[in-house]
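Just below is one structure, and these are the notes that go with it.
The values are calculated or read from the model by the stated rules, or taken from the named source; none is laboratory data. Keep in mind that this is a model prediction, so the values were computed, not measured. Glycine gets a Cβ as well: all are built from the backbone with ideal geometry, and neighbour counts include every protein chain shown. Note: accessible area is taken over every heavy atom of the protein model, side chains too, but ligands, DNA and RNA are not part of it. Shrake-Rupley method; radii C 1.70, N 1.55, O 1.52, S 1.80 Å.
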Amino acid sequence: MYKLSQIPEEYKKKLITAEQAAALVKDGDRVSYGLGCAAPYDIDIEIGKRAKELHGVEIVATTVVKDEPYAAYLNSDSNEQIRFATAHMNGFERKMSKDGRCWFIPILFNELPKYWENIDKLIIQVHPMDQWGNFNLGPQASDLRGLIRAAKTIILEVNQNMPKALGYETELNLCDVDYVVEGSNHPMPQIPNRAGTPVDDKIADYIIPMIEDGSTLQLGIGGIPSAVGRKLAESDVKDLSGHTEMLVDSYVDLYEAGKITGNKNRDKGKIIYAFAGGTQRLYDFINDNQIVFNAPVSYVNNVGVVASIDKFISINGCIDLDLYGQVNAETAGYQQISGTGGQLDFAQGAFASNGGKSFICVHSTRKFKDGHVESLIKPTLPAGTVITTPRSAVHYIVTEYGTALLKGKSTWERAEALINIAHPDFREELIKDAEKMGIWTKTSKISM
């Protein structure tokens with residue numbers, strides 16, 4: 001730790017340009033761009049300019065919230081130059097994956113800080129340094145401590161627009177930093193609020209009556225969680241709290257509507273989150289706000305921590321599921337679409353909570369551009385599909401046709417419950433498939 005009087009001079013010594021920072025990346029380096037809004041802009045652009053002269057560089061990231069593809073990808077031609085890996089696919093990473101340039105890192109999000117090792121360069125955006133020599137990491141404490149521990153060299157890109165996120169392990173002192181770049185202050189990446197569809201609203205209508213006063217909410221991203229947040233803000237439900245992997249705009253809606261009091265039995269008064277992504281309104285809400293509390297994902301997603309919070313409500317989406325109750329929230333066949341994230345963490349934690357409930361939501365069908373319609377409740381999951389939440393961990397499944405309670409149910413009872421909330425056009429076909437699978441027979445229902 002530096003003497004307070006040394007900080008201005010030491011800052012100047014470590015100050016370099018984005019071009020100089022990019023020049024520090026060497027052949028064979030493993031480079032991390034962090035997660036959330038931490039991914040660099042200016043240094044990435046400069047790495048992109050060098051891309052064709054590099055060899056064997058790997059860039060890794062986690063759940064990046066970014067409004068444009070990496071320059072390092074756009075300006076490189078092959079994996080021999082730069083290859084990429086991520087623990088959660090976003091839109092441009094899916095494109096990189098289709099190009100054979102990006103690989104997925106399977107994780108349990110709560111464990112992620114322990115996974116990282118052999119990071120040659122950690123390059124992340126941060127909030128400007130304060131008078132005490134501390135840089136705020138912004139609203140993505142999540143697994144950054146694991147990356148900081150694993151990194152041989154730490155390079156910070158300072159962004160005046162990065163919100164100051166209060167919380168635990170959200171600061172990094174100048175003495176622990178190798179280089180500092182004063183960036184061009186790129187605006188924070190925006191995730192627009194997607195308006196819920198009528199189907200999203202129907203699904204939310206089934207969930208709202210099952211949320212009690214005094215509940216603590218974990219809302220995922222997407223139309224259904226957004227619809228739940230909006231309808232809760234308009235409902236009579238009160239005295240809510242927040243504890244979530246990803247902080248999204250729905251929590252601002254609920255707070256402004258007076259629904260969030262924070263009177264939960266743990267971390268009272270705080271909305272706890274691991275990382276954030278949304279509109280500028282969300283980032284303004286986070287900035288220097290004691291109400292929202294950023295913390296490592298090893299705490300936020302810890303099953304024991306979640307279980308210790310009474311009336312914990314977890315609401316997430318999925319891509320499809322089968323009649324056994326196995327849930328896929330990350331792949332379309334062999335293609336990785338998103339990631340495991342914390343769905344399993346919160347499904348287990350919420351069920352173990354006193355009065356808690358876990359909901360996994362899905363539209364009953366998907367319509368393709370050619371007009372073809374398929375059921376998203378399937379007899380069995382297609383080849384290559386990854387199971388995100390195993391059947392033993394699923395509590396409630398919700399579609400626009402109702403709610404299916406799966407905990408404690410036999411394979412026949414599960415099949416029946418899921419067929420009852422499938423689209424009516426597919427129910428008879430699902431029954432025939434269940435009969436072939438041996439989980440729907442004339443003798444399945446036995447009077448006791």
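Relative contact order for the chain using alpha-carbon pairs under 8 Å, separation at least 6, rounded to a whole percent?
Details: 1073 pairs, mean separation 58.3, N = 448.
Computed value for the chain: 13 percent relative contact order.
The length gained on full extension between Gln20 and Cys175, counted as 0.36 nm times the residue separation minus their Cα-Cα distance, comes to 53.8 nm.
Per residue, how many Å² of accessible area does region 114-175 show with a 1.4 Å probe? The partial results should precede the final answer.
On the way: 2130 Å² over 62 residues.
Computed with neighbouring chains in place, this is 34 Å² per residue.
Run the accessible area of region 135-178 with a 1.4 Å probe and give the carbon-and-sulfur part as a rounded percent. Let's see the in-between values first.
Details: 510 of 1270 Å².
Result for region 135-178: 40 percent of the exposed heavy-atom area is carbon or sulfur.
If the chain linking Lys98 and Ser78 were pulled fully straight, counting 0.36 nm for each residue of separation and taking away their Cα-Cα distance, it would gain 5.9 nm.
Dipole orientation for region 98-175: of the candidates Asn161, Phe104, Leu122, Phe104 has the Cα lying most toward the positive pole (charges on Cβ; Lys, Arg +1; Asp, Glu -1). Relative to the dominant Cα principal axis of the chain, helix 198-207 is inclined by about 80°. Hey, any idea what % of region 377-448's accessible area is carbon plus sulfur with a 1.4 Å probe? The value for region 377-448 is 50 percent carbon and sulfur by accessible area.
Amide H contacts of Val292: Ile271, each under 5 Å away and 5 or more positions distant or on a separate chain (H built 1.01 Å from N in the peptide plane; Pro and chain starts excluded).
Measuring with a 1.4 Å probe in the full set of protein chains, what accessible area per residue, in whole Å², belongs to region 325-448? Walk me through the numbers before you get to the answer.
Values: 5860 Å² over 124 residues.
I get 47 Å² per residue for this part.
When the chain is treated as a Gaussian network with alpha carbon springs shorter than 10 Å, the biggest mean-square fluctuation among Ser32, Ser142, Ser184 belongs to Ser184. Helix 411-420 and the longest principal axis of the C-alpha atoms of the chain enclose an angle of approximately 90°. Seen against the Cα atoms of the chain and their longest principal axis, helix 343-352 is set at about 60 degrees. Computed in the context of the full set of protein chains, the accessible area of region 1-116 at 1.4 Å probe radius has 51% of its extent on carbon or sulfur.
Could you give the size of the charge dipole of region 293-373 about its Cα centre, using +1 on the Cβ of each K and R and -1 on the Cβ of each D and E, expressed in debye and rounded to the nearest 20? Before the final figure, lay out each step's value.
Details: 5 positive and 6 negative charges, 42 e Å.
The dipole magnitude comes to about 200 debye.
Between Thr411, Gly223, Ile337, the Cα set farthest toward the positive side of the dipole of the chain (charges on each charged residue's Cβ, about the Cα centre) is that of Thr411. Over region 205-305, accessible surface divided per residue gives 35 Å², non-protein components excluded, 1.4 Å probe. Under the shape rule built on the C-alpha gyration tensor, where the axes satisfy a ≥ b ≥ c, region 79-147 is prolate, since a/c reaches at least 1.5 and a/b is greater than b/c.
Taking the Cα centre of the chain as origin, work out the dipole magnitude from +1 charges on Lys and Arg Cβ and -1 charges on Asp and Glu Cβ, in debye rounded to 20.
On the way: 47 positive and 57 negative charges, 170 e Å.
Dipole magnitude for the chain comes out near 820 debye.
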